[in-house]
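Notes follow once the structure below has been shown.
Throughout, read-outs are computed from the coordinates displayed, never taken from laboratory work. The model shown is predicted, which means the values in this text are computed figures rather than measured ones. Cβ: placed from backbone, ideal geometry, glycine included. Neighbour counts: every protein chain shown.
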Amino acid sequence: MTELLLDIQDLCVNFSIYEGVLKVLNNVKIKVRNGEKVGLIGEAGCGKTTTVKTIVRILPVPPAIISNGKILFEGKDTLKMNTKDLNTIRRKEISIIFQDPIAALNPVFKVGTILGDVIKCSSLEKGEELSKEEIKKKSIAVLKEVALPDPERLLKNYPCQLSGGMRQRVCIALALACAGKLLIADEPDTNLDVTIKDQVLRLIKNLVDEMNTSIILISHGLGAVKGLVDRVYTMYAGTIVETAPTHDLFSDPLHPYTRGLIKSVPKLTGGGIPEGIPGRLPNYINPPVGCRFAPRCERAMPICLKSSPTLVDVSNEHEVACFLYGE
Amino acid sequence: MNKENIKRNWYKFSKNKLSVVGLIAVLTVSLTAIFANVIAPYPKHIEWFTDFKNAKNPPNLQNLFGTDLMGRDVLSRTIFGFRYSLLMTVVVLIFIVPVGTILGLIAGYYSGTRVDTGIMRITDIFLAVPSLLLAMVVCAFLRPNIVNSMIAMAIAWWPWYTRLIYGLTSSIKNEYFIQAAEIMGKPTYQILFREILPNCFSQLFTKMTLEVGWIILAGATLSFLGLGAQPPTPDLGTMVSEGYKYLPEYWWMTIFPCLAIVFTILGFNLMGDGVRDLLSAEEY
Amino acid sequence: MKMSIYIAKRLFMSVFVLFGLSILIFSMSRLMPGDPARLALGNTAPEWKVQEYREYLHLNDPLYTQYFIWLNNVIHGDLGVSLVTKRGILTDIIDFFPATFELVCFSLIISITISVLVGVTAGRRANSWFDNIARIFSYLGISMPTFVWAILALFILSFMLNLTPGSGMLSLSLTRPPRITGLVTIDSLLTGNFRAFVDVLWHMLLPGSALAVATIAQHTRIIRTSIVENLRKDYIAAAVSYGLPERMINFKYLLKPSLIPEVSILGLDIAASMTGSFIVESIFNWPGFGRYGTIALLNKDLNAIIGSVMVVGIFFAFMNIIVDIIVSYLDPRIMLKA
C-alpha cells in the first residue's frame with residue numbers, strides 16, 4: 001500500500017462572528033495517497049474550501065479558529081509547522097487553483113510579474129537561482145502548458161484584460177509553477193461557462209496524468225468528478241459522510257445524502273425532473289446534536305438525532321458515516 | 001426600525017469603544033449647548049461686560065477656567081461657544097444638504113445630457129480651490145460676522161454633496177427597478193425622491209456625520225482669522241485669536257477654548273466613524 | 001485611452017474650470033454688498049480717495065466690462081496693484097510663492113514618509129498596541145484645526161522649552177542667500193552657505209510640522225484601513241499559498257493596491273496644505289504666499305485676493321492632474337477601462 005501523502009485527522013474549525021461561533025468543520029477526515037486523485041463533493045457552504053485553505057494555512061486566523069485536529073503532510077503536521085517549513089511546502093509541494101480567478105489575481109500587477117515571482121521563489125526553494133531571462137522562458141513554458149495562446153504578449157497583460165477562461169488558466173499556470181506532490185483544484189469550473197468548463201477540466205486531467213501528482217478536485221459537477229478522480233469524498237455541513245472509489249460511489253451510494261445528490265442529476269434518458277433534497281444546510285451556530293444530516297434525512301432513526309455517527313468501513317475501501325450501516 | 005434592528009445596530013456600533021466615547025462627547029456638547037443658559041455660571045459675560053479688577057485671573061474656584069482680558073469668565077464663554085459652533089453647523093447643513101442633494105439627483109438622473117454637464121461644471125468651478133479657502137474669500141468680501149461666515153461656508157461646501165449624490169444617482173439609475181418605475185409612468189420627482197434617494201441615505205448620513213467635524217473646524221478657523229464671529233461673541237475660534245497673543249503667561253485664555261474645539265470635533269469624528277462602520281456592508 | 005489624450009483632455013477641462021473660477025470670484029468681489037472701494041480703503045479714508053479708487057476699479061462700468069478689462073490686464077501680466085504693499089500683485093506673488101512652496105514640500109515629505117511607515121505597520125499589526133496608539137494620534141490630528149496645532153506647538157516647543165525659533169524664516173543675524181531659484185534652502189546650498197541652510201531648516205521645522213500634522217493623521221488612517229482591507233482579499237491569500245515571502249507580499253503586492261486610495265486624496269491634501277499655509281504662515285510669520293494672502297483677505301485688498309485665489313486654483317488644478325497620472329500608473333484598470 002502506497003504511503004499516505006496527506007492525512008487530515010479529525011479537523012475542527014470554528015469561525016467567531018457577531019451572532020456567535022460557527023462550528024463549521026466537524027471532525028473532517030480525508031486521506032490522499034501518493035499519486036491518487038481524490039474528489040470532494042458537496043453543497044455550497046458545506047466547508048470544502050475551508051478545509052483546503054486550512055491545509056496550507058491561508059485561513060484568516062481570527063475569525064477562524066482551528067480547534068482540533070491534525071493535518072499530516074508526508075507525516076508532518078502542517079498545523080504545527082513554523083513559517084519556514086510551511087513556505088517550503090507552499091513553494092514546491094502543495095498548490096491551490098482558486099475558485100474565482102478575478103479575485104485571486106492581483107489586479108494591479110501584470111500577469112508576467114506575478115508568474116515571474118512565483119517561479120523565482122519556487123526555484124529558489126529547489127536550490128536554483130534563475131536569471132531574469134530564464135524566469136521569462138519558464139513563464140512562457142508554463143503558459144504554453146495550459147494552452148494559452150501568445151504567451152509572450154500575455155505576460156504583459158493585466159488580469160482585467162483577459163477573458164474568464166484565460167484567467168482561470170493563468171491561475172492553473174500559477175499553481176503548476178509551484179506544484180509538486182499535491183494539486184488542489186477548488187471548483188475550477190464553477191465560474192466558467194459551459195464550453196470553457198470542459199476544456200479546463202480536460203486540461204487539468206492531462207496535466208495531472210502527465211505529472212503524476214496527487215490532486216484534490218472540488219466540484220459541484222458530479223460529472224466532472226466522475227471522469228477525473230479515483231476516489232470521492234462526500235461532505236455535508238462540515239462532515240465527511242461517505243468515501244469510496246469513484247465507481248463504487250456512483251454505482252452503489254450508501255449514505256442518504258450521497259444518494260440524494262446522485263439522484264438530483266437530471267438524466268438524459270428521461271424519467272422526468274428529479275427531486276432535489278428538501279431542506280437546507282443546518283445553522284452552524286447551533287448544529288444538530290446528532291448527525292448533521294438527520295433533519296433532512298428521509299431514513300432518520302431516533303439515534304441519529306442523539307449521537308453523531310463516525311466513518312466506518314463497510315466494504316472494500318467504502319466508508320460511511322451513518323447509523324444505517326454498522327456501529 | 002424595529003427593536004431587534006436597533007439592538008443589533010447598537011451592538012455593532014458599540015463594538016468599537018471609541019465610537020461610544022464619541023457619542024458621549026457629542027451628547028455632552030449638544031446638551032451643554034442647548035442648556036447653556038442654565039449651566040454657565042456667569043451667563044452675562046458673553047456680552048459687552050467688563051470687570052477689570054478680576055481680569056486675567058488664572059483658574060480659581062470662582063472662575064474654573066480663569067478670566068480673560070476683560071474680566072469675563074472663560075468657562076461661561078466656552079459653554080456658550082459650544083452653542084455657536086453647533087448652531088453654525090446645523091444651519092450650514094440645513095442649507096447645503098438639500099441643495100446639494102437635489103442638484104446631485106437631477107444631474108445624476110439626467111447624466112449625459114446638458115443638464116448634467118452644466119451642473120457638474122458649476123460644481124467643478126466651486127471646487128477648483130480648497131473649500132476652506134473659498135469660504136475665507138467669501139467672508140473677506142462680506143462684513144465679518146457669524147451669519148456671513150455661515151453663508152460663506154454654505155457657498156463653499158454644497159458642491160461636495162452634489163458630487164456624492166451625483167455619483168450614487170448615476171449608478172443607481174441604471175438599475176432595473178428604476179427602469180421599471182419609468183416604464184410604469186411614475187413622475188420623475190417620485191422616481192428621484194422615492195426610489196433613488198432612499199438608496200443614498202446611508203452614504204449621505206455617514207458623510208454628514210463626518211462633515212460636522214470639518215464644518216466646526218472651518219468655522220473656528222474663520223473666526224480665528226477674524227473673518228467670522230467678532231468680539232464680544234463668545235465663539236471658540238474668536239476666543240483663541242483674542243488670547244493667543246498673550247501666550248504663555250495667560251495660557252488659560254487660549255488653551256481652554258482650544259481644548260473645547262478639539263473635544264467637539266474629536267467627538268463628532270469618533271462617532272462618525274462608528275456610524276460609517278455601522279452603515280457599510282460588513283462580513284465577519 | 002492613451003495617456004497623452006487623457007492629459008490633453010484634463011488640461012482643457014482645467015482651463016475651462018479656471019475661467020469659470022475667475023468669473024465667479026471676480027463677480028463676487030464686485031457684487032458684494034456695500035461699496036467695494038469704501039470697504040477696501042476703510043471708513044477713515046477721504047471721499048476723493050475712494051472716488052479715485054472707484055474709477056481705478058472701473059466700478060461704474062457694467063460687470064462684464066470690468067471683467068474683460070481685468071482679464072485683458074491679466075493676459076498682459078498685470079494683476080493689479082496691491083493696496084497693502086503698493087507693488088504689482090504679480091511681483092508680490094512671484095516674490096512670496098517660493099517660500100510657501102518650500103514649506104509645503106517640506107511638510108509633504110514628512111507626511112508621506114511618516115504616514116506610509118506608520119500606516120503599513122499599523123495595518124499589518126491591526127488591533128495591536130501600536131495600531132491603537134496610532135489610531136488615537138490620527139483621530140487627534142484630524143480633530144485639531146491647523147491653528148490649534150500651530151499654537152500648541154508654539155506654546156510647548158518655543159515658549160516652554162525654548163527649542164525652536166518662534167517666527168520668521170532666518171535669524172536676524174544672517175543674511176538671505178542670493179536669489180537663484182527663490183527657494184532659500186536650495187539657494188543656500190548652491191552658494192555653500194551651510195549656516196543659512198541649517199538655520200532655515202530649523203525655522204521651517206515648526207510651521208512645516210504644523211502643516212503636516214493633519215495630512216499625516218488622515219493618510220495614516222487611510223493607508224491602515226486600505227492595508228487591513230486588502231489583507232483579507234483573495235489575491236493575498238493566493239500569494240501566500242504560492243509561498244511568496246512575507247516581505248515581498250507586504251511591500252509589493254499589498255502596498256501597491258493599498259496606496260491607491262491614499263494617492264487619490266493626495267491632491268486634496270496639497271490643497272489643504274495651501275489653505276493651511278495661510279494660517280500657519282500668519283502665526284509663525286513665515287514670509288510666504290500664505291501670509292500675503294491672509295493679509296490681503298483681512299485688508300480686503302480686492303485685486304490681491306483675486307490674484308491669490310487664481311494662483312491657488314492653478315496650482316491645485318496642476319497638482320490634481322499629476323496625482324491622476326500617478327493613480328493611473330498605480331491602478332491600470334482606470335486607464336484600461338476608459
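Gyration tensor over the Cα atoms of region C:60-109: the corresponding equivalent ellipsoid has semi-axes (square roots of 5 times the eigenvalues, largest first) of 30, 13, 9 Å.
Compute log10 of I(q)/I(0) for chain A with the Debye formula, placing one identical point scatterer on every Cα and leaving out solvent, at q = 0.08, 0.09 Å⁻¹, to two decimals. Results for chain A at q = 0.08, 0.09 Å⁻¹ read -0.39, -0.50.
Just add up the charged neighbours of C:LEU211: K/R +1, D/E -1, any other residue whose Cβ is under 14 Å from the Cβ of C:LEU211.
Net charge in that neighbourhood comes out at -2.
Summarised as an ellipsoid, region B:159-284 has semi-axes of 44, 17, 9 Å, derived from the eigenvalues of the Cα gyration tensor scaled by 5 and square-rooted, with the largest first.
Calculated from the alpha-carbon coordinates, chain B shows an Rg and a Dmax of 22.2, 77 Å respectively. Across all C-alpha atoms in chain C, the radius of gyration and Dmax reach 23.7, 83 Å. Measuring gaps between exposed loop sites in chain B (GluC sites (Glu not before Pro); DSSP loop; at most 14 other Cβ atoms within 10 Å), the longest gap, sites not included, is B:48-174. On a 0 to 90° scale, report how tilted helix C:302-330 is relative to the longest principal axis of chain C, with both axes built from alpha carbons and the result rounded to the nearest 10. Helix C:302-330 and the main axis of chain C meet at about 20 degrees. Within region A:184-282, the trypsin sites (Lys or Arg not before Pro) that combine a DSSP coil assignment with at most 11 other C-beta atoms in a 10 angstrom radius are A:LYS267, A:ARG280. Converting the Cα gyration tensor eigenvalues of region A:151-275 into ellipsoid dimensions via √(5λ) gives semi-axes, longest first, of 31, 18, 12 Å.
Simple point charges give the picture: +1 on the Cβ of Lys and Arg, -1 on the Cβ of Asp and Glu, and for chain A a dipole about the Cα centre of about 620 debye. Across peptide B:117-123, the average count of Cβ atoms from other chains found within 10 Å of a residue's Cβ is 1. The GluC sites (Glu not before Pro) of region A:173-275 that meet both conditions, a loop assignment by DSSP and at most 14 other Cβ atoms within 10 Å of the site Cβ, are A:GLU275. Each 10 Å bin, from zero up to the one with the longest distance, holds this percent of the alpha carbon pairs of region A:33-135: 11, 35, 37, 15, 1. The Kirkwood radius of the protein assembly as shown, taken over pairs of alpha-carbon atoms, gives through the Stokes-Einstein law at 4 °C and 1.567 mPa s a diffusion coefficient of 40 µm² s⁻¹. In region B:1-150, Rg over Rh equals 1.12, where Rg is the alpha-carbon radius of gyration and Rh the Kirkwood radius from pairwise Cα distances. Taking every C-alpha pair closer than 8 Å and separated by at least 6 residues, the mean separation divided by the residue count of region C:193-302 gives a relative contact order of 24 percent. Take every DSSP beta bridge whose two residues both sit in the protein assembly as shown; close to 65 percent of them are antiparallel. Placing one equal scatterer on every Cα of region C:7-81 and applying the Debye formula, the log10 ratio I(q)/I(0) at q = 0.15, 0.25, 0.27 Å⁻¹ is -0.61, -1.22, -1.30.
Restricting the trypsin sites (Lys or Arg not before Pro) of region C:244-338 to loop positions (DSSP other than H, G, I, E, B) with no more than 11 neighbouring Cβ atoms within 10 Å leaves nothing. With respect to chain B, whose longest principal axis is taken over its alpha-carbon atoms, helix B:114-126 is tilted by about 20°.
Using the empirical formula 2.2 N^0.38 Å as the baseline, the Cα radius of gyration of region B:1-88 reaches a ratio of 1.53. Just check region A:213-302 against the gyration tensor rule for me: Cα atoms, a ≥ b ≥ c as the square roots of the eigenvalues, rounded for a/c under 1.5, and otherwise prolate or oblate depending on whether a/b exceeds b/c. Oblate shape, in that a/c is at least 1.5 and b/c is the bigger or equal ratio.
Remark on A:LEU40: its backbone amide H falls under 5 Å from those of A:LEU217, A:ILE218, A:SER219, A:TYR233, a criterion applied only to residues 5 or more positions apart or on other chains, H modelled at 1.01 Å from N. Across all C-alpha atoms in region C:243-333, the radius of gyration and Dmax reach 18.8, 65 Å. Can you tell me the 0 to 90 degree angle between the C-alpha axis of helix A:83-92 and the longest principal axis of chain A, rounded to 10? Approximately 80 degrees, to the nearest ten.
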